[in-house]
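A short write-up of the structure that comes next.
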Amino acid sequence: MYWTEVKEKKVYVTRKMYMELRGDKLSMAWRKILFDNHVRPRSLFTLWLALREKLPTKDRLKQFGFIDENVCSYCEDIESTNHLLFACKGTNHIWKEVLKWMHIQREPDCWSQEVRWMTTEANKKGWKTQILKIALAETVYEVWRYGNEKIFSNRNIDHFVGNKIKESILGRCLMSRKLQSHVNVSQSCIE
């Protein structure tokens, strides 16, 4: 144990103690998507839940006995994290719209594929990577919120979701000194 080593050598190193307490836990490949992400805390928390596949989607709620039906609110498939983000035809177009707005030519796939792609992108440096991480987190949050609005309030706010996400991305970029110069607020776009 590390305490024995500290007593013998009379030297304490915080990093070694941290590693001792942490144990042999695996480091998640997607962790860089979360780190140094300038999004709202609620968006970051929702993204963290999605990355861990712990969002209370209908398939999970049915598994725990909270609901009887696990059909997606947008289509007839089973609602899971992988389906909802972004394999579902009701949510796929939202992420596609955000990517197009950011000048990224990509056909969105299911959540696990998007996480793999984002993990690769998050390892890159630069302002585009930072904005892409913000875009993913804000999109996941708004898609999740949009689904809840649809279920609990019976409101269809589809045409507002893309605009809300873009506003959130621009707002978060304007709060960062490094990213301010890469957005054009008057034209609501990223340059």
Inset, instruction - Only one of these is among the polar types (S, T, N, Q) and in contact with a His (Cβ under 8 Å, 6 or more places away or on another chain): Ser112, Ser176, Ser181, Ser153. Name it. - result: Ser176
Inset, instruction - Quickly run through the range 68-87 and pick out the residues that are under 20 Å from the mean Cα position of the chain (by Cα) and at pLDDT 90 or above. - result: Glu79, Ser80, Thr81, Asn82, His83, Leu84, Leu85, Ala87
Legend entry - Residue match in the range 124-139 (condition: part of a loop (DSSP other than H, G, I, E, B) and open to solvent by 60 Å² or more (accessible area, probe 1.4 Å)): yes
Inset, instruction - Give the residues of the range 100-119 that are closer than 26 Å to His182 by Cβ, open to solvent by less than 70 Å² (accessible area, probe 1.4 Å) and assigned to a helix (DSSP H, G or I), sorted by residue number. - result: Trp101, Glu114, Val115, Trp117, Met118, Thr119
Inset, instruction - Return the residue satisfying two criteria in turn: it lies in the range 118-161 and is at pLDDT below 95 and among the aromatic types (Phe, Trp, Tyr), and of such residues it is farthest from Cys72 (Cα to Cα). - result: Trp127
Inset, instruction - Could you check Thr57 against (1) under 30 Å from Lys178 (Cα atoms); (2) of a type in the set (Ser, Thr, Tyr); (3) modelled with pLDDT of 90 or more and say which number it fails? - result: (1)
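Residues are listed down the side, and each one gets a yes or a no for (1) among the β-branched types (Val, Ile, Thr); (2) at pLDDT below 90; (3) in contact with a His (Cβ under 6 Å, 6 or more places away or on another chain):
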| site | (1), (2), (3) |
| --- | --- |
| Glu5 | no, yes, no |
| Tyr12 | no, yes, no |
| Arg15 | no, yes, no |
| Glu20 | no, yes, no |
| Leu26 | no, yes, no |
| Lys32 | no, no, no |
| Val39 | yes, no, no |
Legend entry - Cβ pairs under 6 Å, 6+ apart, first in the range 60-74 and among the hydroxyl-bearing types (Ser, Thr, Tyr), second surrounded by 16 or more Cβ atoms within 10 Å (Cβ to Cβ) and part of a loop (DSSP other than H, G, I, E, B): Tyr74/Cys88
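The values are calculated or read from the model by the stated rules, or taken from the named source; none is laboratory data. Since this is a predicted model, take the numbers as computed values, not measurements. Please note: Cβ atoms are built from the backbone with ideal geometry, for glycine as well, and neighbour counts cover all protein chains shown. What goes into the accessible areas is simple: the full protein's heavy atoms, side chains included, and nothing from ligands, DNA or RNA. Shrake-Rupley method; radii C 1.70, N 1.55, O 1.52, S 1.80 Å.
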